[in-house]
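This report concerns only the one structure given below.
The values are calculated or read from the model by the stated rules, or taken from the named source; none is laboratory data. Owing to the predicted nature of the structure, the values given are computational and were not obtained by experimental measurement. When we count neighbours, we look across all protein chains shown, and the Cβ atoms used for this are built from the backbone with ideal geometry, even at glycine.
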Amino acid sequence: MITLETLRQRKRDGQKFSMLTAYDSSFSHVISSAGVDVMLVGDSLGMVIQGKESTLPVTIDDLVYHTQAVAAGNQGALIMSDVPFLGARNTDVLIEQAGRLMQAGANIVKVEGGIWLTDQIARLKQNGIPVCVHLGLTPQFINSFGGYKIQGKSEEQALAMAQAAKAVEMAGADMILLECVPNAAAEGVMSSVSVPVVGIGAGPSTDAQVLVIQDMLGMTPGRKPRFVKDFLAGHQDGIQAAIERFDSAVKSGEYPAPEHQYGV
Ligand code: KIV
């Protein structure tokens with residue numbers, strides 16, 4: 001059984017851990033049996049399960065439903081569930097929604113945002129709810145960003161990201177997830193905090209890597225982002241073997257290779 005303490009110990013020992021999205025009990029069973037440490041019930045389900053254009057239409061009921069399904073198939077991984085768009089609009093709403101996710105089977109919730117979340121994080125912690133803060137390219141802010149764009153490209157932005165990471169850690173965040181940032185920005189965050197940091201398109205310095213399961217199985221149509229690697233391509237050995245390849249490539253540091261990184 002993987003717990004937050006297992007992940008903290010991995011970080012202290014300099015060992016990487018792995019994370020994949022999961023949305024149903026069959027994949028939950030395969031992913032957790034393959035040795036992946038954390039399963040993320042991400043609001044990416046809006047795109048890969050519901051076929052929507054973005055994560056914005058995903059509701060708390062959707063996330064509760066999929067968290068219950070993932071919990072039912074889990075073979076010992078830690079389950080992280082997303083708080084949906086507008087779920088952190090005030091602290092009472094956040095506590096209520098995060099509480100529902102925990103009752104559905106999550107071990108930790110993930111909130112997109114930044115330095116302004118410090119009060120909400122403290123309240124979650126007072127209520128026994130561990131929290132991961134998602135920084136960098138936060139897809140719920142896509143309309144403010146004007147598209148899926150790399151964040152933290154300038155020195156000032158990278159510094160602000162490291163300061164936000166430190167502030168949310170001080171407020172009680174148990175983990176940080178960094179999406180689509182240049183290696184240098186991720187390194188700045190890594191040297192500012194002591195909680196585990198998970199990366200997606202954030203280079204090799206983070207303590208863990210996460211991918212959307214459909215992306216790492218080559219199931220996503222259209223142009224794939226630079227950081228995506230298809231772990232099934234060129235093999236005939238099935239889904240569980242592809243997931244095991246991802247898990248060992250993350251743990252050995254072989255993934256992400258330079259071709260999956262930004263600002264190398
Ligand atoms: O919703 C999700 O799947 C995510 C990952 C892309 C990190 O937040």
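Results for (1) part of a strand (DSSP E or B); (2) of a type in the set (D, E, K, R); (3) buried (at least 20 other Cβ atoms within 10 Å of the Cβ), shown as yes or no for each residue.
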site	(1), (2), (3)
Gly199	yes, no, yes
Ala202	no, no, yes
Thr206	no, no, yes
Val210	yes, no, yes
Lys224	no, yes, no
Phe246	no, no, yes
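Counting only residues that are within 26 Å of Asp215 (Cα to Cα) and among the charged types (D, E, K, R), which one in the range 12-28 is surrounded by the most Cβ atoms within 10 Å (Cβ to Cβ)? If you could, list the steps in order and put the result at the bottom.
From the range 12-28, those within 26 Å of Asp215 (Cα to Cα) are 15-28; that's our starting set.
Filter once more, so that each one left must be among the charged types (D, E, K, R): 16, 24.
Working: Lys16: 21, Asp24: 17.
Taking the candidates together, the pick is Lys16.
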- Query: Of the conditions (1) in contact (Cβ under 8 Å) with a residue 24 or more places away in the chain; (2) surrounded by fewer than 16 Cβ atoms within 10 Å (Cβ to Cβ), Arg89 fails just one. Which one is it?
  - Reply: (1)
- Note on the structure: Given the conditions (1) buried (at least 19 other Cβ atoms within 10 Å of the Cβ); (2) more than 18 Å from Arg10 (Cα to Cα); (3) among the polar types (S, T, N, Q), every one holds for Gln236 apart from (1)
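Take Gln214 and decide whether it is assigned to a helix (DSSP H, G or I) and either within 16 Å of the ligand (Cβ to nearest atom) or at positive phi (or both). Don't jump to the end; show me each part of the working.
Values: assigned to a helix (DSSP H, G or I): yes; either within 16 Å of the ligand (Cβ to nearest atom) or at positive phi (or both): yes.
Taking the combined requirement at face value, the residue satisfies it.
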- Message: For a quick check of your reading of the model, give me the residue pairs whose first member lies in the range 14-43 and is in contact (Cβ under 8 Å) with a residue 60 or more places away in the chain and within 11 Å of the ligand (Cβ to nearest atom), whose second is in a strand (DSSP E or B) and polar (S, T, N, Q), with beta-carbon atoms closer than 6 Å and at least 6 apart or on different chains.
- Response: Leu40/Thr21; Val41/Ser81; Gly42/Thr21
- Task: Hey, can you tell me all the residues within the range 114-156 that are closer than 20 Å to Ala208 by Cβ and within 15 Å of the chain's Cα centre (by Cα)?
- Result: Pro130, Val131, Cys132, Val133, His134, Leu135, Gly136, Leu137, Thr138, Pro139
- Note on the structure: Filter the range 61-85 for residues that are within 14 Å of the ligand (Cβ to nearest atom) and of a type in the set (Val, Ile, Thr); the one that is surrounded by the fewest Cβ atoms within 10 Å (Cβ to Cβ) is Ile79
- Count of the range 89-106 residues which are more than 16 Å from the ligand (Cβ to nearest atom) and either within 16 Å of the chain's Cα centre (by Cα) or of a type in the set (Lys, Arg) (or both): 2
- Cross-chain or 6+ apart pairs with Cβ under 7 Å, the range 131-146 first and within 16 Å of Leu86 (Cα to Cα), then near the ligand (Cβ under 10 Å from one of its atoms) and among the polar types (S, T, N, Q): Pro139/Thr55; Gln140/Thr55
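Determine, yes or no, whether Lys110 is surrounded by fewer than 19 Cβ atoms within 10 Å (Cβ to Cβ), in contact with a strand residue (DSSP E or B) (Cβ under 9 Å, 6 or more places away or on another chain) and either at positive phi or touching a residue at least 24 places away in the same chain (Cβ under 8 Å) (or both).
Details: surrounded by fewer than 19 Cβ atoms within 10 Å (Cβ to Cβ): no; in contact with a strand residue (DSSP E or B) (Cβ under 9 Å, 6 or more places away or on another chain): yes; either at positive phi or touching a residue at least 24 places away in the same chain (Cβ under 8 Å) (or both): yes.
The answer is no for Lys110.
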- Would you mind listing the helices (runs of 4 or more DSSP H) fully within the range 60-133 where at least 3 residues are under 22 Å from Met1 (Cβ atoms) and modelled with pLDDT of 95 or more? 60-73, 91-104
